[in-house]
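Okay, so here's the structure we're looking at.
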C-alpha cells in the first residue's frame, strides 16, 4: 500500500449545498470554510505532507460583486480565527497564484500569516488564490526560457508548487468531473477521485476514505 504525501482538493458545491436547503449562497460559503477547518485538521492528523486547496480561481472574478466581496471577507475571517491554531500545530501556509491582486488589507493579512508560519515543518497548507493553472504553466515556461532551457524539468522547477511533494491525489467534490484549470501540470500522473459529497459536508472521514482508496491503487506511470 502506498501512502499519499500530497493531496489537492477542488472544493465544489457550496452554492448547491445552500440552494438545496433554501439558504443564501453566502451561508454555503460559510459552511465551506468550516469544511476547510475540518479537512486541514484531518490532513495534519493523518500525516499528509501537503494539502492544496482551490479557494479562488482567476475566473471567480466574474461572479457577482456581492459574492466576491463575501468570499474576501471569509478569507479574512479564516486567517484571523484560525491562524493561531494552525501556527501552534506546525502547519505552514503557502499561497499559489497572484494573491497580491486582492485588496491591500487582505494582502497584509496573508503576508503576515505566511511570515508567521514560514518556519513550521508540519503539514503545508497550500491555498490557491487568484490561481489559474494555464497562467502558472505559461509563467513557468517564460521563467525556464529566461534561465536558458525549456524542458519538462525546468518548467516544473518554476511552478508555484515546486517546493511541494509531487501531487499524489486530486479530489473534486460535488459530482463534477473536470479539473477547471487547477494543477493541470501537476496532475499529469496524479490519481483522481470525483465524489458526490458537496464541499460543506466534507470532513475527516471523507479525507480518510479518499486516502484509503488511493492506497489501494496501483500506480503505473504509463508502464505495466
Exercise. Does region 103-123 include one or more residues that are within 22 Å of residue 39 (Cα to Cα) and touching a residue at least 40 places away in the same chain (Cβ under 8 Å)?
Worked result: yes
For this session: Only residues in region 207-224 that are at negative phi and at pLDDT below 85 count as the first member; pair them with residues that are in a loop (DSSP other than H, G, I, E, B) and surrounded by 11 or more Cβ atoms within 10 Å (Cβ to Cβ), Cβ under 7 angstrom, at least 6 apart or cross-chain, and list the lot.
Result: 219/2
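Kindly evaluate residue 27 against the criterion of being under 18 Å from residue 201 (Cβ atoms), touching a helix residue (DSSP H, G or I) at 6+ places or on another chain (Cβ under 7 Å), assigned to a helix (DSSP H, G or I) and free of Cβ contacts under 8 Å to residues at least 24 places away in the same chain.
Details: under 18 Å from residue 201 (Cβ atoms): yes; touching a helix residue (DSSP H, G or I) at 6+ places or on another chain (Cβ under 7 Å): yes; assigned to a helix (DSSP H, G or I): yes; free of Cβ contacts under 8 Å to residues at least 24 places away in the same chain: yes.
Considered against the rule, which asks whether it is under 18 Å from residue 201 (Cβ atoms), touching a helix residue (DSSP H, G or I) at 6+ places or on another chain (Cβ under 7 Å), assigned to a helix (DSSP H, G or I) and free of Cβ contacts under 8 Å to residues at least 24 places away in the same chain, residue 27 comes out as yes.
Those residues that are touching a helix residue (DSSP H, G or I) at 6+ places or on another chain (Cβ under 7 Å), in a loop (DSSP other than H, G, I, E, B) and surrounded by fewer than 18 Cβ atoms within 10 Å (Cβ to Cβ), I need them from region 150-180; list them, please. Show your work before the answer.
First pass over region 150-180, keeping only residues touching a helix residue (DSSP H, G or I) at 6+ places or on another chain (Cβ under 7 Å): 150, 154-155, 158-162, 167-171, 173-174, 179.
Filter once more, keeping what is in a loop (DSSP other than H, G, I, E, B): 150, 158-162, 167-168, 173-174, 179.
Answer for region 150-180, where residues must be touching a helix residue (DSSP H, G or I) at 6+ places or on another chain (Cβ under 7 Å), in a loop (DSSP other than H, G, I, E, B) and surrounded by fewer than 18 Cβ atoms within 10 Å (Cβ to Cβ): 150, 162, 179.
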Problem set entry | Where residue 77 falls short, out of the listed (1) without any contact (Cβ under 8 Å) to a residue 40 or more places away in the chain; (2) over 23 Å from residue 184 (Cβ atoms); (3) under 20 Å from the mean Cα position of the chain (by Cα); (4) surrounded by fewer than 16 Cβ atoms within 10 Å (Cβ to Cβ) | (1)
Problem set entry | region 80-96 residues that are closer than 18 Å to residue 46 by Cβ, paired with ones that are modelled with pLDDT of 95 or more and outside any loop (DSSP other than H, G, I, E, B) (beta carbon under 6 Å, 6 or more apart) | 89/44; 91/125; 92/117; 92/124
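Determine, yes or no, whether residue 128 is buried (at least 18 other Cβ atoms within 10 Å of the Cβ) and out of contact with any helix residue (DSSP H, G or I) (no Cβ under 8 Å at 6 or more places or on another chain). Outline the logic, then answer.
Details: buried (at least 18 other Cβ atoms within 10 Å of the Cβ): yes; out of contact with any helix residue (DSSP H, G or I) (no Cβ under 8 Å at 6 or more places or on another chain): yes.
The answer is yes for residue 128.
The values are calculated or read from the model by the stated rules, or taken from the named source; none is laboratory data. Note that the structure is a prediction, hence the values are computed from the model and not measured. Methodologically, a virtual Cβ is constructed for each residue, glycine included, from the backbone with ideal geometry; neighbour enumeration extends over all protein chains shown.
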